[in-house]
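For reference, the structure is listed below as structure tokens.
The values are calculated or read from the model by the stated rules, or taken from the named source; none is laboratory data. Everything numeric in this text was worked out from a predicted model, so none of it was measured. Cβ placement follows ideal geometry from the backbone for every residue including glycine, while neighbour counts extend to all protein chains displayed.
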Amino acid sequence: MITSDINLAIESLKKGNVIAIPTETVYGLAGNAFEESSVNKIFKIKNRPSFNPLIVHVPNPKYINKIAQNIPKIAQKLSKHFWPGPLTLVLEKQKHISDIVTAGKSTVAVRVPNHKLTLDLLSKLPFPLVAPSANPFGFTSSTSADHVIEYFADKIDLILDGGVSLKGIESTIIGFENDNAVLYRHGSIPIEEIEKIIGKVEIKNKNNLSPEAPGMLKRHYAPKTKIVFSNDFIKSIKSYPNKKIGILCLKKIKKIPKSVHQEVLSSDGNLNEAAKNLYASLHKLDRLNLDLILTSIVPEYELGRSINDRLRRAVEVEN
Ligand code: AMP
Ligand code: MG
């Protein structure tokens with residue numbers, strides 16, 4: 001069922017079900033964070049490895065005192081400034097938070113999402129929600145109810161439809177090591193914005209097999225269609241004469257043959273708009289039954305870093 005009635009969502013969540021919820025970043029597969037059987041269902045539906053911890057979504061900044069402890073001053077400063085919003089803080093967990101949620105870690109990831117419907121839902125629930133992105137593990141995230149239906153129509157009973165996600169890219173994840181802020185995942189808030197508030201932040205989002213944050217895993221966010229980087233689209237198109245090709249690019253590229261589908265992220269190269277459109281464009285290209293998607297990185301600053309991070313993990317590296 002697709003609905004925007006939060007009462008139906010509340011009823012379903014209270015029964016221990018998993019539902020899809022909208023957020024400003026991407027859609028989430030949500031369940032009761034305090035109920036291990038609900039959390040387990042999410043891992044199963046997503047085919048998510050158990051080493052990959054979940055983000056706990058709470059209705060307001062004060063609520064973190066029920067989840068986390070020994071919260072560093074800079075974390076409080078960040079929460080004051082950016083919540084509700086697309087910033088996830090990794091904090092020391094309280095004992096009662098399940099090891100299944102945190103993948104056995106002593107820390108827990110928390111955020112207050114900035115989406116009216118979901119904030120309303122959270123404020124009326126007697127528990128917080130874990131809500132990893134609504135996609136099978138490794139695949140492109142969902143930024144609309146349509147995307148969620150394509151992936152999970154037969155696996156979940158309810159999708160709370162809150163329109164298209166306004167940010168379109170996951171939250172920025174910040175942790176604290178010896179009380180210093182460390183960036184674990186580039187996301188919807190550019191690192192430059194965070195540094196304006198707390199000064200220099202160390203970046204630790206390298207590819208890694210035993211990742212601090214599995215958004216760090218090498219192959220992630222991927223469309224079903226093969227996607228590769230190209231430095232020269234015209235030349236690359238010529239080198240695949242018998243293939244059905246699509247292009248994913250920041251701005252319109254001239255002289256591309258008409259037979260090649262061109263998916264433009266932002267007509268004037270605006271990185272915020274490009275971030276918002278990134279996953280929807282990948283979903284669109286996936287529906288065209290192409291043999292291959294060609295793409296290239298965008299300028300490496302502000303949200304360009306987050307877009308490039310996703311593209312680098314989505315592409316197949318050809319040996
Ligand atoms: P998703 O909601 O699917 O975008 O994934 C949530 C992200 O938050 C994953 O990359 C997690 O690894 C990360 N995360 C959750 N809990 C922690 C934690 N305790 N430490 C570091 N990263 C975390
Ligand atoms: Mg995800």
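Structural remarks
- Segment 222-248 residues that are in a loop (DSSP other than H, G, I, E, B), paired with ones that are of a type in the set (D, E, K, R) (beta carbon under 7 Å, 6 or more apart): 223/286; 224/286; 225/286; 226/316; 243/291; 244/291
- Of the listed requirements (1) assigned to a helix (DSSP H, G or I); (2) in contact with a His (Cβ under 9 Å, 6 or more places away or on another chain), residue 275 misses just one: (2).
- Total residues in segment 119-159 satisfying the condition of being buried (at least 24 other Cβ atoms within 10 Å of the Cβ), away from ligand 2 (no atom under 16 Å from the Cβ) and over 22 Å from residue 67 (Cβ atoms): the figure is 1.
- Hits in segment 82-112 (condition: within 18 Å of residue 170 (Cα to Cα) and surrounded by fewer than 17 Cβ atoms within 10 Å (Cβ to Cβ)): none
- Considering segment 145-185, and only residues there that are more than 13 Å from ligand 1 (Cβ to nearest atom) and polar (S, T, N, Q), the residue that is nearest to residue 281 (Cα to Cα) turns out to be 180.
- Residues located in segment 84-118, provided they are in a strand (DSSP E or B) and over 16 Å from residue 70 (Cβ atoms): 87, 88, 111
- Scanning segment 249-268 for residues that are buried (at least 16 other Cβ atoms within 10 Å of the Cβ), part of a loop (DSSP other than H, G, I, E, B) and either at pLDDT below 90 or not hydrophobic (A, V, I, L, M, F, W, C) (or both) gives a single hit, 266.
- Residues that are more than 15 Å from ligand 2 (Cβ to nearest atom) and hydrophobic (A, V, I, L, M, F, W, C), drawn from segment 20-55: 33, 34, 39
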